[in-house]
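Below is one structure; the comments refer to it alone.
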Amino acid sequence: MLWEAFASLLLGLALAWYATRKLPARLPSRHVVLATGPVGALFGAFLTRSALGPGHGPVVLLGAVVIGAVVLSLLLRPVHRIRRSAAV
């Protein structure tokens, strides 16, 4: 269980680092992203392990990556903001 938590923490950190490299303009502060990725991955590992039980290590790590990516996607901002004129 401890190795799953540590591995999911590292996977979440790697996912957050990759997101900051690929989408720097669409994400908030780098510190926020680097903190959110591991927290999302730990939550994903906890949720997956709670649902499946012990003995499913690779699936727990897959769940950690998926939930971590979902949590990071919530931080994304739109590419173009729609500006509407007040005199429409």
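The values are calculated or read from the model by the stated rules, or taken from the named source; none is laboratory data. Note that the structure is a prediction, hence the values are computed from the model and not measured. Cβ atoms come from the backbone with ideal geometry, glycine included; neighbour counts cover every protein chain shown. Ligands, DNA and RNA are excluded from the accessible area calculation, which covers all protein heavy atoms including side chains. Shrake-Rupley method; radii C 1.70, N 1.55, O 1.52, S 1.80 Å.
Scan region 1-51 for residues that are of a type in the set (Phe, Trp, Tyr) and at pLDDT below 95 and the total you get is 1.
Checking each residue in region 59-74 for being open to solvent by less than 40 Å² (accessible area, probe 1.4 Å) and either under 11 Å from Leu11 (Cβ atoms) or outside any helix (DSSP H, G or I) (or both) picks out Val60, Leu61, Gly63, Ala64, Gly68. Within region 1-57, the set of residues being surrounded by fewer than 16 Cβ atoms within 10 Å (Cβ to Cβ) and in contact with an Asp or Glu (Cβ under 7 Å, 6 or more places away or on another chain) comprises Gly57 only. Of all the residues in region 9-41, those that are in contact with a Ser or Thr (Cβ under 9 Å, 6 or more places away or on another chain) and more than 13 Å from Leu72 (Cα to Cα) number 0. When region 6-65 is filtered for residues that are within 10 Å of the chain's Cα centre (by Cα), closer than 25 Å to His80 by Cβ and not small (Gly, Ala, Ser), the ones remaining, listed by number, are Val33, Thr36.
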